[in-house]
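The values are calculated or read from the model by the stated rules, or taken from the named source; none is laboratory data. Everything quoted here is computed from the prediction, not taken from an experiment. No Cβ is skipped: glycine too gets one built from the backbone with ideal geometry, and neighbour counts run over all protein chains shown.
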Amino acid sequence: MYRQFTRKGFMTKSKYGNQTKQYNGRSYDSIREANLAEELDWRKKAGEIKEVIPQYKISLNVNGKHICNYYVDFKCVMADDSIQFLEYKGFETPDWKLKWKLLEALLDEIQPGAEMIIIK
C-alpha cells in the first residue's frame with residue numbers, strides 16, 4: 001500500500017483511498033482484504049483449507065535473472081493439497097497488471113498446477 005508521511009511523521013491519506021484494518025494481529029491494506037483473511041480462516045476451520053499464508057513472496061525470474069518480487073495477498077494450500085494464489089484487487093495499476101501477467105507466464109515453473117484467483 002502506498003502511504004505518504006509529512007515531515008513530522010504523520011501519515012496522510014492512502015493514494016487509492018483505502019483504509020487499513022487489523023485482523024488477528026496483522027495489518028491489511030484494505031478492509032476487504034482483512035475480511036477475505038477472516039473468510040479464509042473460517043474455511044480453514046471448516047477443513048476446506050489446510051494452510052493460509054498472507055503476503056506470500058514470489059520471486060519472478062526469467063532466464064535465470066531476477067526481475068522482481070511479487071507479494072500475492074494469500075497463498076492457500078487446499079484440503080486436496082492443491083495451491084491457490086488469491087489476490088484481492090480494488091484498483092488495477094499498470095505495474096500490477098504487468099507483474100500479474102509475468103506471474104501467469106511463470107506459474108508452471110514457480111508452482112506447477114497452482115490456480116491464480118483475482119477477487120474484486
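Taken over the stretch 108-120, the criterion of being of a type outside the set (Lys, Arg) and over 11 Å from Val72 (Cβ atoms) is satisfied by Asp108, Glu109, Pro112, Gly113, Glu115, Ile119.
Which residues, counting only those in the stretch 47-91, are of a type in the set (Asp, Glu), surrounded by 13 or more Cβ atoms within 10 Å (Cβ to Cβ) and either in contact (Cβ under 8 Å) with a residue 60 or more places away in the chain or part of a strand (DSSP E or B) (or both)? Don't jump to the end; show me each part of the working.
Taking the stretch 47-91 and keeping what is of a type in the set (Asp, Glu), we get 48, 51, 73, 80-81, 87.
The next check asks that each one be surrounded by 13 or more Cβ atoms within 10 Å (Cβ to Cβ); those that pass are 48, 73, 87.
Once the filter is applied, which keeps residues that are of a type in the set (Asp, Glu), surrounded by 13 or more Cβ atoms within 10 Å (Cβ to Cβ) and either in contact (Cβ under 8 Å) with a residue 60 or more places away in the chain or part of a strand (DSSP E or B) (or both), the stretch 47-91 yields Asp73, Glu87.
Scan the stretch 15-33 and tell me whether some residue there is part of a helix (DSSP H, G or I), over 21 Å from Asp108 (Cβ atoms) and aromatic (Phe, Trp, Tyr). I'd like the intermediate steps shown before the answer.
In the first step, residues of the stretch 15-33 are kept if they are part of a helix (DSSP H, G or I); the result is 31-33.
Restricting the remaining residues to those that are over 21 Å from Asp108 (Cβ atoms) gives 31-33.
Filter again for aromatic (Phe, Trp, Tyr), leaving none.
There is no residue in the stretch 15-33 that is part of a helix (DSSP H, G or I), over 21 Å from Asp108 (Cβ atoms) and aromatic (Phe, Trp, Tyr).
Consider the stretch 97-111 and keep the residues that are assigned to a helix (DSSP H, G or I) and under 9 Å from Phe85 (Cβ atoms). The one that is nearest to the chain's Cα centre (by Cα) is Leu103.
Report yes if Asn69 is at positive phi and modelled with pLDDT of 90 or more, otherwise no. Spelling it out, it is not the case that Asn69 is at positive phi and modelled with pLDDT of 90 or more. Per this entry, Ala37 is counted among residues that are without any contact (Cβ under 8 Å) to a residue 40 or more places away in the chain and within 11 Å of the chain's Cα centre (by Cα).
Among the residues of the stretch 20-42 satisfying the criterion of being among the aliphatic types (A, V, I, L, M) and in contact with a Phe, Trp or Tyr (Cβ under 7 Å, 6 or more places away or on another chain), which is farthest from Tyr88 (Cα to Cα)? If we take residues in the stretch 20-42 being among the aliphatic types (A, V, I, L, M) and in contact with a Phe, Trp or Tyr (Cβ under 7 Å, 6 or more places away or on another chain), then Leu40 is farthest from Tyr88 (Cα to Cα). Note on the stretch 56-76: residues that are among the small types (Gly, Ala, Ser) and within 26 Å of Glu33 (Cα to Cα) total 1. For the stretch 4-46, the set of residues classified as at pLDDT 90 or above, among the small types (Gly, Ala, Ser) and farther than 20 Å from Ile117 by Cα consists of Ala46 only.
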